[in-house]
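Please treat every number below as a calculation from the coordinates, not as lab data. What you are looking at is a predicted structure, and each value in this text was computed from that prediction instead of being measured. In this analysis, Cβ positions are derived from the backbone assuming ideal geometry, glycine residues included, and neighbour counts consider all displayed protein chains.
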Amino acid sequence: MSITTFVIISIIKSVAVIFILLTAVAYSVWLERKVSAHIQNRWGPTRVGPFGLLQPLADGIKFIFKEDLTQPHVYKPLYILAPILAVVFAITSISVVPFGNLMEIPEINVGHWFTIGPIETPFQITDLNIGLLVILGITSMGVYGVALAGWSSNSKYSLLGGLRASAQMISYEVSLGLSLVGVLILTGSFSLRDIVMAQQHLHWNIFLQPVAFFTYLISAYAETNRTPFDLPEAESELVAGYHTEYSAMKFAMFFMAEYANMVTVACLATLLFFGGWMGPVLGPPLLRMVLPIVWFCLKVFFFMFLYVWVRWTLPRFRYDQLMAFGWKVLLPVAMANVVVTALIVAWRA
Amino acid sequence: MLHLILFLFFGSICVAGAVNLLVQRHPIDSALSLVVVMASLAAEYLLLGAEFVAAIQVIVYAGAIMVLFVFVIMLLNAGVEERSKGSRVAILLGIPGVVIGAVLVAWTLLHRANAETVAIGALPGYPRDIAWLLFHDFLLPFEVTSILILIAILGAVVLASRPEAVARRHHETETAKPAPELVGAGKER
C-alpha cells in the first residue's frame, strides 16, 4: 500500500469512526432518557420525531444557541482548556478499537484513468501492538479534564467534585488495570485484534475470567463516574460537581466526553471478554464482511443498556464506602485473580 | 527525514514545556507544563520504536504521578509562589556545573559521532523483550527496586499517621465505642 493510499484510507476511517462515535454518543443519551423513563413508568422524550428520535439533534442545536457564560471568578485558560481536554481524550481512545474483521474492497475502475483498490484494511483506525495500553494511557489522561474543570471554576462545589473525581479515578484505575492482566496472561498480547482472535469458537474470556470481568465492569463504572459511583457530580450534595460553572457547548463537551468514555469502556468489555466481533457468520462475501460489525455493535449496545439499567436501579454509594470498596475489596480480588491465573497458566505450561 | 522533523518538533515542545515549568508562577501551570514534558518525551520514545516504554511513560508519569501532583495542588489550594533572588551557592556552583555538563555531553557526542549506530526500532522495544530482560536477566535489580519502593511507601505511611490518631484508634478498639470526633472524619482513610 502506498503512503498516499494509506493516508487517504486513514483519514476516511478516522472521519467515519468519529462520526459514528458522536452519533452513538447522542443516541446513548436518548437511550438513557428513554430507558430511565420506562423504568419509572414515564414516556421519556416523545415530541421531536418518532419516539423522540430527533431529540439529540434538537438538544445539540439548543446547546449551540445557548449563551456561553464565563463567570468572572474562573481561572480562564484552564477553564477553557478543561472541556477540550476531556472531549479530546474521550474521542481519541476509540482509535485503536477494532470493530470488525478485514475490509476487502475489490478493484474498481472509475472511468478509464482511475482505479481504486484492491484494498484490504482492518475495520479499525490503527492496529497497534500496544493497543490496550494506549487506551489505558489516554483514559488516565482524561482525569485532567475533570480535575482542571473543578479547580479552575474556583467554586466550592466544582472543587469538591473535581477532587472526588480525580481520587476516584486514580483509585479504580488500579483495579481496572489489574483486572485486564488476567486476560493479557491468557492471550500474551496487548493488541486488541490478537485478543479478539484468541477468543474464536466461543472461547470467550468471560467464561475463562469471570472474576476479572466483574472486577472490570465495576471499575469501569467508577472510571466513567456513573451511578452507583457518580459521587463527582452527586446532584443532591454538589449541585453538578465539576461542571457546575459550565454552560452551553462547554457543558455539552463534558456530557459528550462522559458518554464517549462509556462507549469506549463498553467496546473494551466486548473486545476483552465477549469475543469482540466473533459470532455466526454466513452468506455472501458482503454479508460476511458486515455481520461481524453487527455482532460487535449488538454486544456494545448490550453494555450500554446495562449501564443505563444499573444507573436507574442502584442508589449512590457514600464516599467512604466508595473508597473502602475500591481499595479493600476490588483491589485484593483483582490481585488474587492475577495470581491464580498466573499460577494456572504456569502449571499447565 | 520525517523522523528528524518529528524529533525536532517534539524535542522543542519538550524544552519549551521545561522552560515554561520554571517561568510560570502558579504551581498548577508548572505541573501542567511538566505533563507536557512527559507527554512529548513519550512521543520521542515512540519515534525510537519503543512503543511499550512510551505507553508506560504516559500511563505512569503523565497519567498517575502528575495527576497526584495536580490533586495535591488542588487540595492545598496552593497560591502564587513568591520569587526569590536565588541563593549565591546555586549561582556560583550551578552555572559552571551546567556549562561543564553541557560541554562534556557535546564533546562525547561529537567525539563518538562516527561510532556504531543502531537503526530505529532495532533495539528491544516489544513488551515480550522487555519482560524477558526484567524477569530474567535483571531479575534481582528489578526486585530490589520494588522493595525500595515498598520501603518508601511504608515510610510515607509512618510519617502520615499522627501518633495521637493511632493512640485514639487503639483506645477506640479497646472500649469499642466510636469517638465522636472520628465519625466521618476524612483524614482517617
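Points worth noting:
- Added length on full extension, which subtracts the Cα-Cα distance from 0.36 nm per residue, B:Phe135 to B:Leu22: 36.8 nm
- For the stretch B:14-46, the residues whose backbone nitrogen is under 12 Å from a point 7 Å from the Cα of B:Leu123, taken along Cα to Cβ, are B:45-46.
- Label point distance in nm, A:His203-A:Leu57, each placed 7 Å from Cα along Cα→Cβ: 4.7 nm
- Cα Rg, Dmax (largest Cα-Cα span) when computed across the stretch A:1-50, Å: 18.2, 57
- Legend: calculated FRET efficiency, B:Leu92 to A:Lys156, from the Cβ-Cβ distance at R0 = 41 Å, rounded to 0.05, equals 0.30.
- A Förster distance of 60 Å, applied to the separation of the beta-carbon atoms of B:Ser12 and A:Asn41, puts the FRET efficiency at 0.50.
- Calculated P(r) tail over 17 Å for the stretch A:154-253, as whole % of Cα pairs: 61 percent
- Among A:Ala266, A:Ala240, A:Ala58, the residue with the largest mean-square fluctuation in a Gaussian network model of chain A, with springs joining Cα atoms closer than 10 Å, is A:Ala58.
- Judged by the mean number of other Cβ atoms found within 10 Å, the most tightly packed of the peptides B:92-99, B:31-38, A:272-279 leads the ranking A:272-279, B:31-38, B:92-99.
- The modelled label-to-label distance for the pair B:Phe142/A:Ala16, using points 7 Å beyond Cα in the direction of Cβ, is 4.1 nm.
- Out-of-range pairs (alpha-carbon distance over 23 Å; input A:Lys13/A:Lys250; A:Lys156/A:Lys328; A:Lys156/A:Lys250): A:Lys13/A:Lys250; A:Lys156/A:Lys328
- Evaluated at q = 0.11, 0.24 Å⁻¹: base-10 log I(q)/I(0), Debye formula over Cα of the stretch A:231-334: -0.55, -1.27
- Debye-formula intensities of the stretch B:1-83, expressed as log10 I(q)/I(0) at q = 0.13, 0.23 Å⁻¹, are -0.45, -1.03 (one equal scatterer per alpha-carbon, no solvent).
- Taking one quarter of the surface of the convex hull spanned by the alpha-carbon atoms of the stretch A:1-140 gives a direction-averaged projected area of 14.5 nm².
- Each eigenvalue of the Cα gyration tensor of chain A, multiplied by 5 and square-rooted, gives one semi-axis; in descending order these are 34, 28, 20 Å.
- In a fully extended conformation the segment linking A:Val345 and A:Ile105 would gain 82.4 nm over its present Cα-Cα distance, using 0.36 nm per residue.
- Within the protein assembly as shown: Cβ-based charge dipole about Cα centre, in debye rounded to nearest 20 (Lys, Arg +1; Asp, Glu -1): 860 debye
- Take every pair of alpha-carbon atoms less than 8 Å apart whose residues are at least six positions apart; their mean separation over the length of chain A yields a relative contact order of 23 percent.
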